[in-house]
Amino acid sequence: MTRMEDTFASLLTEGVHRIRLRESKTIQIVQDELGYFLGREGGSSIEYWRKGHIPPSLTDVEKLGREIVRRGDLDRAWLEKFLISADHPYPQHICDDVFGPYPSHGSNHNGVLPDDFNPFIVGPPICQSRYFFGRSYEIRRIFKLWRRRPLQNVAIIGHKRSGKTSLLHYLRTITTVDPSLLRPDQPTDWLSRPEQYRWVFVDFQDARMCRRERLLSYLLAGLELPTGDQNTLESFMDIVSLNLKTPTIIMMDEIGAALTSPELDLQFWGSLRSLVSNSTGGNLAFLLTAHESPALLAYQEGKPSPFFNIFGHTFKLGPFTEDEARSLIAGSPRPFDEADIQWILNQSGCWPYLLQILCHARLSALEDGETDDTWQREGMRQMSPYWYLFE
């Protein structure tokens, strides 16, 4: 038994015993009930999995974890460890869905940032809505495409470090986030009934998402749809066609990586086109990100599927407007002099990633009591790999 299998077995056993104690039932009854919940004939599968055999279906893992949390009153930490031990690709997304997102870097409900908060994020995408700035035009136009049926498909094009992934996370969360965790200038009323919408985020830079069976299982789990006896493309098409009744957005980040996968072939992409065009009553839309036109990327990879022709709405991400850039800069807990702000605007070209680099350098210098221009030289050095943004 591997370490992950041992951890999974231990956590599952803990969950079963927790339910047994809370509901005053025998282990066998709890296992049978969990098995019935998953569509099995009894608890034999649960007993088998408790020996360290991880379920092959992501849908089973997620449904089992959610049900044990509900009945056993277990916390977020247990669910996160349970999902990780089963090799789930996005445990945080499931935990956010069950427990709600973590408060944005610890900000309190008065909007005051804690002393240890870093307002300028260099490297990872922005996942907390409060710290996302800019893209007002794109956000407004994209949500307009999703207010009425049929939902329409969107492609977001941009250089590396132009903020594509951060924008996807923002679109996915902004309509349902607690307003007390946002800045006053961030509207949330983009959709009339946001609680009806289902969002599924797929990161194709994760190699597991480039395997057909893993991807189909993940999509069904994210859509909270039942699974069939066989994890095939045909079964997936049947399940989604028959059961998808609410507005759903599937976000596919870095579609170029998906196109290099032999398992995601022309039949796969053609089936997705048929699904969105003919089989879901206008309730399904896709949002893709790529460095250039998805249709061109598909052609270059020898997969010129009609799927990539349904993206009639394309948004190319460029620099921020000056107002958007100034709004990001104003997020510093220590105000910058106007001369420093103007230098940051000029040197960054208002590109969001470069703004983050220079603002971080300036804030660090202020906190360390530095009075010379070392922070400017350091900022320019860190910017040097990204001069392609200006081309």
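For this structure, a couple of remarks:
- When every residue of region 243-253 is checked against the conditions, at least one turns out to be more than 21 Å from Glu195 (Cβ to Cβ) and either surrounded by 16 or more Cβ atoms within 10 Å (Cβ to Cβ) or touching a Lys or Arg at 6+ places or on another chain (Cβ under 9 Å) (or both).
- Looking at region 1-84, the helices (runs of 4 or more DSSP H) lying wholly inside it that each contain 3 or more residues that are of a type in the set (A, V, I, L, M) and farther than 21 Å from Leu225 by Cα sit at 3-23, 27-37.
- Answer residue from region 183-237, given it is touching a Pro at 6+ places or on another chain (Cβ under 6 Å) and touching a residue at least 60 places away in the same chain (Cβ under 8 Å) and is farthest from Leu145 (Cα to Cα) among those: Arg208
- Which listed residue, of Leu145, Leu181, Leu171, is under 19 Å from the mean Cα position of the chain (by Cα) and at pLDDT 95 or above: Leu171
- With respect to (1) in contact with a Ser or Thr (Cβ under 9 Å, 6 or more places away or on another chain); (2) modelled with pLDDT under 95, the lone exception for Ile310 is condition (2).
- Qualifying residue in region 276-293 (condition: hydrophobic (A, V, I, L, M, F, W, C) and surrounded by fewer than 20 Cβ atoms within 10 Å (Cβ to Cβ)): no
- Checked against (1) charged (D, E, K, R); (2) modelled with pLDDT of 90 or more; (3) crowded, with 18+ Cβ neighbours inside 10 Å, Asp60 passes all but a single condition, namely (2).
- Some residue of region 55-77 being over 30 Å from the mean Cα position of the chain (by Cα) and closer than 21 Å to Ala221 by Cα: no
- For region 347-391, filtered to residues that are in a loop (DSSP other than H, G, I, E, B) and free of Cβ contacts under 8 Å to residues at least 12 places away in the same chain, the residue that is nearest to Ser162 (Cα to Cα) is Glu391.
- From the options Thr2, Thr13, Thr26, residue that is modelled with pLDDT under 90 and over 20 Å from the mean Cα position of the chain (by Cα): Thr2
- Checked against the criterion of being surrounded by 16 or more Cβ atoms within 10 Å (Cβ to Cβ), outside the structural domain of Thr59 (by TED's automatic domain parsing), assigned to a loop (DSSP other than H, G, I, E, B) and of a type outside the set (D, E, K, R), the candidates Gln205, Gln152 yield just one match: Gln152.
- Just so you know, in region 283-321 the residues that are small (Gly, Ala, Ser) and under 24 Å from the mean Cα position of the chain (by Cα) include one that is nearest to Thr248 (Cα to Cα), and it is Ala285.
- Residue in region 232-240 that is surrounded by fewer than 21 Cβ atoms within 10 Å (Cβ to Cβ), among the acidic types (Asp, Glu), out of contact with any Leu (no Cβ under 9 Å at 6 or more places or on another chain) and outside any loop (DSSP other than H, G, I, E, B) present: yes
The values are calculated or read from the model by the stated rules, or taken from the named source; none is laboratory data. It should be emphasised that the depicted structure is a prediction, and the values quoted were computed from it without experimental measurement. Heads up, the Cβs are rebuilt from the backbone with ideal geometry, glycines too, and the neighbour counts pull from every protein chain shown.
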